[in-house]
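Below is one structure, written out as structure tokens; comments come after it.
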Amino acid sequence: MGRTHSYGAISNDTGQQGITRQLLGGVGVCYWKQLVSGMHLDDHLHCVEYVVVPAGSSIGTHRHERTEEVYYILHGSATMNLNGKARQVSAGDLILTPLGASHGIANFSRQDMAFFVVEVFPGRAEPGMPQEPVCIPLRSQMKPTSWPGANATPRSASVDLVRYFSGNRAQITLFQLPAAEELAFAEGEGRDEVFFVVEGQAKITFGEDCVCGGAGLCLALPATMSRRVANVSLDSPLEVIRVEVYQPEH
């Protein structure tokens, strides 16, 4: 069965967030913005979001029955409830919540914390599949990585999400590009991608178009588009999250 529909590139940023109160049974207010809606995507991605949890606020503990979720902590720190167990998380941590697992997050610190969210629809959960959330210190795992066509050596760390989720083949990569460098990515059959700028200044070219911006810039691209990510700064690195989600086989 092929794709249900097609879409072009979708760009957004983290400005002008909405205010949510007692989010999923939590306390206080959180600031939230949906960066990419599932209605514009094909069958595998549900949504891409940005969330700020101010000091003293929380998101209530809830079980994931419909989607599987990726959190990447952008800045700040918090306490997560992962299947009933408390876990301290901070900037650079990747938290993966598979189907059937539960999580919540509370900010007991004195500073706001923020995280990037990707939700994907699950596949068919098999009996005995792990339902435990995991926390991976992704930023601390970055190391120099050879990249075809790159003049300098970027630093990166990747996690294959198929090890933790029930359905779609997906991968998340955090990469850091030196000043004035760029990386090229070829289009891939059945593979959609989301780029999110963590810090620095980027120019992302797709087809004959491009978008430019700093931290909070988000771009979703269909599989049929080639793309290049350039660091437009002459003296500072660029840090970007890249999420690849492959169309499930039917």
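Quick note: the coordinates plus some simple rules give every number you see, no bench work behind them. These numbers come from a predicted model, not from an experiment. Reconstructed Cβ throughout: ideal geometry from the backbone, glycine too, with neighbour counts over all protein chains shown.
In the distance distribution for segment 10-137, Cα-Cα pairs more than 27 Å apart total 15 percent. Near Gly213: Cβ cut-off under 12 Å, other residues only, Lys/Arg at +1 and Asp/Glu at -1. The net charge is -1. If you bin all the Cα-Cα distances of segment 191-250 at 5 Å, starting from zero, the percentages per bin are 4, 19, 29, 22, 14, 6, 4, 1, 1, 0.
From most to least packed by mean Cβ count within 10 Å, the peptides 22-28, 82-88, 44-50 give 44-50, 22-28, 82-88. The ratio of the alpha-carbon radius of gyration of the chain to the globular-protein estimate 2.2 N^0.38 Å is 0.98. For segment 7-67, what is Rg from Cα atoms divided by 2.2 N^0.38 Å, rounded to two decimals? Scaled against compact globular proteins, the figure is 1.28. When the P(r) of segment 135-250 is calculated, the portion above 25 Å amounts to 19% of the C-alpha pairs. Pairwise Cα distances in segment 48-111 exceed 16 Å in 43 percent of cases.
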